[in-house]
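Okay, structure first, notes after.
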Amino acid sequence: MSSHQPWYHGNITRSTAEDLLSKEAKDGSFLLRDSESITGAYALCVLFQNCVYTYRILPNDDKKLSVQASEGVPIRFFSKLPELVEAYYKENMGLVTHLQYPVQKEEEPEEEPEAFSVPPLPPRNVTPNEGRDMHTECSRALETSRSSILDTYHQRLQLIDMSNLCEEHQKAIQDYFCSAVGLDADQVQNGNTALPNLKKLIMAICKSLNSEISRTVPTLEAIQKLVEQPQSPGGGRLRGQLSVDSKESVACRLEQLTKLIYSIEDKTKNTVFEFVGYDGGHRKSNIPPVTFEVKLESLGISTKMFLKVDVEGGKVYFKKSKDGPEDKYFVHNKILQLVKAQKMHTKVEVVVETEKEKTQRKEFVFNDTKKREGFCQLLQQMKNKHSGKPEPDMISIFVGTWNMGNANPPHNISSWLQSKGQGKTRDDTANYIPHDIYVIGTQEDPLGEKEWMDTVRGALRDITNISFKPVASQTLWNIRIIVLAKPEHENRISHIFSDSVKTGIANALGNKGAVGVSFMFNDTSFGFVNSHLTSGSEKKFRRNQNYISILRFLNLGDKKLNPFDITHRFTHLFWLGDLNYRVDLPSGEAENIVVKIKQQQYQELLSRDQLNIEKGSGKIFLDYEEEEITFPPTYRFERDTREKYAYTKAKATGTKYNLPSWCDRVLRKSYPMVHVACHSYGCTNDIMTSDHSPVFATFDVGVTSQFVSKNDLTKDSKGAIKFMNCVATLMTKSKTKFFIEYHSRCLEKFVKGPDGENQECVEGFIKVRFGTQAELTPIISDPEYLLDQHILISIKSTDSDESYGETCVALRSAEHTYTEFDVILTHHGERTGSLTGGIQLITSEGKQTEKLYDFIKVGDDSGGSKCKSELSSKFSLVLPSDISNPSYMGVSFKGSSASSRAKDMGTGNVSPKKSGYDHSVFSPTAKASSPSTEDGQPAEMFDNPLYGSMGKSRSGKDQEIWKDHLPPPDTSAFPKPSDPPVPMPRNRSFTCSDSKSQNPSPPTNLTPTSSTGNSILQTLSITKKPVVPSRSEGGMILSGKPPLPMKSRPGQPQDPQPQLQPQSKPRDYRDSSELPSKIRPPIRPSQMLPKDVHHETPPPPKNRPLK
């Protein structure tokens, strides 16, 4: 009705509308667009005094339209939009100014057809004579095409023997292909593509089949009800029953019938297998024992050893020879933690429990990084398998993408599913570890949906001996996504949704676009998007538009979260596919590019990668993470080889260049402070049927379960989530009031806050202060539940109820005290401003259980072994110093304890290219704990600069002291620079300057490098008592007892004769004498200290400021 009007702009974004009006720069300029908040409504945008005013146009029950204008103005109703617009050209209609200048809709550039041709459009502005001539020519062409198609089919009929068909069917076929097919051709020319005469033919021939289907379907439905498992999730069932209406399409009914039969077969087979106890044999010996050759580092001497990991038996054997006795081993519950060295990628420390709840630390060096990762994954699998927990808190996900090039896949695709090939790949020892969920995205897929599903399931069955369950699938033309899960997870997966978006020519064709699937795994939401974006090196702007369209219109996840697009709806969102972003270099550089690829000089090429450039400028994939690329470009190869790139392509318009590029990618985005670890990201080198190589990525992700409180709910104290002092800075020219909406699964319903006060209006920006405190009441106040929750925030306008920015805040950031935050606001993939404020969390009594994903940590490198038989408490574990997602959308925290750590560790996600090997590991629940002395009393706490904090999580009075007195980091809390130098962690390259302490780097530039590590140690050391060093940085032992480590922060208070502590002597937890002498730095004379200083710990300096 209104699409042809020049002032109607369809579903453009609010920010785009503001930009168009700003270009006009005339009072009274206006346009109409679709409302973002209400389906079927419109938004009238009017420019006045360089501000944009928005009025909603709402339909009533009779589909009459009215404008929500100023109060006191009579409401008028209109049947059509043009009538409404014409009326508001008059003055005093309740708008800020009357409509004067319609803003014309911008013409989109015409798209070139890709890989297929489309009918040409008729010419515009023809004269009457030209029209008559054209009509005559069209009639002639129509007659020619009709006679041509009739002649073609008549000739084919002569060659086909139909003597075995009944006379009725013979006559029907001849009647259609000798005459009626011409009538269908005429209707196609007139725009009707339904082929009604062909439908009549099929219905006549399938008359008996239709009646047979109608007779058979009720029987099959009865069987399905009989074999249906009531507890299975809705996604696994047939969505609807078959219709017995014989008028429905035969092809459709046959397809439904086929699905029904397959469903019956699968469910009956599963029931029978379960009844007789047959499980494919995979639980009996799923993961065979694996032996690793390692070197045990002790006292500077490397000793060859063998570690045998028996996942099924739950044991790790320590053997001196490969075939030696297996008399020394540790059971799974006695292996407390693995600590991976951050810089030495082959080293791992194993923390095991010995007698009397003491721990022993052993350092092992593997032959290569892959072996270490394989060992860690096997032990993680062992801990998961024998944990005894009813529900998992971590699962493994495989994500794969492959442009199949319209060619059938090879017989063997196991290398893809096992993450073998080039880049960051899995070790062979991890081959037998199955992932919990497999997500496979394909483009230019020539197979049928069931055929491809069976191919992948068969390949997984060959690898893992497990029959994976199909969870969901979605197909758009040749773009497809399928999701499979282990059988034991079938009842944990629910709320399954799938959708697709077309972004091909005129956003109407599905040759380009996206398909998506979302579901809940217990209480954690997942989203997966597989997209195939516009091709062509020069079309990056169009690809950016594709991304925004998919973001806006892909309908997945919880429908209650309508203000939020898919980037905010899921705990974990994975975006994969042939994104088609190219290496942006001149075509003449093709040979040089190939040379650099052969030399594995990828970084120079990746600096010209369009996706990295566009993402870095904030135009696309804002705050998404991608693992570091260490594999060659996956496009464009000659088929049947991976040795040669085919970067030229002959076309009618000339030679087209397709420079080798990383078109196929996997990106992710997770809520702040959740566990995510990427274990592989690479491509295969043995699947060569397409001009693209398949890409794989594997992740360990944290999940939560439906929470059941152990406390008495009648006596449980009421919890609260308080937001205060919120100030939003919005990039907009709209003249309106704003309010905050809070959404979360921990709230009974969303909460609308009071209107804010617009304080400052700078050109293009508005600062809004929300002075009133917002208090939210969670449905459960137990901290074990609440600290895993997140609050989604939307800044909305009062005039149109449309969102001007969304973000997310983790409740874990306020675990111990009031915490300030500073987060980025986004809307439809664009940055729209920022939000600052404070959050305070009030919970009931309770403690958190240990998470399985805290089993593996990434520790600071020490360059030396720990104590040979060092004993400490059972849970004196290592705090992780490497976080990938401590925050979200550029969030930073200012507070104490966990929140302080989040700030000093940085804000936003870690840049993969600037971090260590295991940069993507983050354990949100990690807490430090205290060692005990031999008499069982808690020992004095101190910081180890090599392994982070050893602080114990407090309870009771200590907990209150911790909450009340631990301050946020402040430079005034650190010792003065005039104090003596401090020994630094060995083999760690960073400086500890006063300037860095006073001017920390911006949060968004977090890298787990030296300065960051320094700030982490500073933050965690604020409330600890200082320890006077007993030796120089090099660490030559001056007495028989191991010295205490020194705090790593600038300037300790100099006290050469410290007072002795009356309480107890702290036990050191490592023996630095095991540091190989060849890498020990010499003693600095200026730091020589008395021999016996290390025996005691000095008291804290008096009057030390804490702010």
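Cα extents for region 433-504 along the principal axes, largest to smallest and rounded to whole angstrom: 39, 27, 18. For region 435-472, backbone nitrogen atoms closer than 12 Å to the point 7 Å from Thr258 Cα along Cα-to-C-beta are found at 448-452.
Couplings for region 372-382, taken from phi via the Karplus curve 6.51 cos²θ - 1.76 cosθ + 1.60 with θ = phi - 60°, read 4, 5, x, 4, 5, 5, 5, 5, 4, 4, 5 Hz in order; Gly and Pro are left as x. Take region 708-813 with all the other protein chains still there, run a 1.4 Å probe, and you get 43 Å² of accessible area per residue.
At the residue level, His154 shows approximately 90 square angstrom of accessible surface with a 1.4 angstrom probe and all protein chains present. Close amide H pairs (under 5 Å, H built 1.01 Å from N) link Lys343 with Asp861, residues at least 5 positions away or on another chain. Treating r as the C-beta distance of Asp462 and Cys761 and R0 as 56 Å, the FRET efficiency rounds to 0.30. Relative to the current alpha-carbon distance between Tyr329 and Ile149, full extension at 0.36 nm per residue lengthens the span by 56.8 nm. Between Asp368 and His411, the FRET efficiency estimated from the beta carbon spacing at R0 = 35 angstrom works out to 0.70.
Computed from backbone phi with θ = phi - 60° and the Karplus coefficients 6.51, -1.76 and 1.60, the 3J(HN,Hα) list for region 195-203 is 6, x, 5, 5, 4, 4, 4, 5, 4 Hz; x is used for glycine and proline. If you take the Cα centroid of region 162-226 and the Cα centroid of region 301-351, the two points sit 68 Å apart.
Nonpolar atom fraction for region 749-845, defined as the carbon and sulfur part of the 1.4 Å probe accessible area, stands at 45 percent. Between the amide H of Leu825 and those of Thr832, Gly833, Ser834, Leu835, distances stay under 5 Å, these residues lying 5 or more places away or on another chain, with hydrogens modeled in the peptide plane. Summarising the amide proton neighbourhood of Arg745: residues at separation of 5 or more, or on other chains, whose placed amide H is nearer than 5 Å comprise His790. Projecting the Cα positions of Gly374, Thr425, Val399 onto the charge dipole of region 361-429 (unit charges on Cβ atoms of Lys, Arg, Asp and Glu, taken about the Cα centre) puts Gly374 furthest along the positive direction. With a/c under 1.5 counting as rounded, go ahead and sort region 577-638 into rounded, prolate or oblate using the C-alpha gyration tensor (a ≥ b ≥ c being the square roots of the eigenvalues; past the cut-off, prolate if a/b is larger than b/c, else oblate). Prolate, because a/c is 1.5 or more and a/b exceeds b/c. Annotation: per residue accessible area for region 374-441 equals 29 Å², rounded to a whole number [probe 1.4 Å, protein chains only]. Remark: the Gln422-Gln840 segment gains 145.8 nm on full extension, using 0.36 nm per residue and subtracting the alpha carbon distance. A full extension of the chain between Ala506 and Lys23 corresponds to an added length of 171.4 nm, given 0.36 nm per residue minus the alpha carbon distance. When a/c reaches 1.5 or more, the comparison of a/b and b/c decides; with that in mind, is region 402-525 rounded, prolate or oblate per its Cα gyration tensor? Taking the square roots of the gyration eigenvalues as a ≥ b ≥ c, region 402-525 is oblate.
Taken one residue at a time, the phi angles of region 344-360 give Karplus couplings (6.51, -1.76, 1.60, θ = phi - 60°) of 8, 6, 10, 9, 9, 9, 9, 9, 10, 9, 9, 5, 6, 6, 9, 10, 10 Hz. Gly and Pro are set to x.
Can you classify region 763-831 as rounded, prolate or oblate using the Cα gyration tensor, where a ≥ b ≥ c are the square roots of its eigenvalues, rounded means a/c under 1.5, and otherwise it's prolate if a/b beats b/c and oblate if not? Since a/c reaches 1.5 and a/b is larger than b/c, the shape of region 763-831 is classed as prolate.
The values are calculated or read from the model by the stated rules, or taken from the named source; none is laboratory data. If you're wondering where the values come from, they're calculated on a predicted model, not measured in any experiment. All Cβ positions, even for glycine, are placed from backbone atoms using ideal geometry, and neighbour counts span all protein chains on display. Accessible surface is based on the protein model in full, side chains and every heavy atom, while ligands, DNA and RNA are left aside. Shrake-Rupley method; radii C 1.70, N 1.55, O 1.52, S 1.80 Å.
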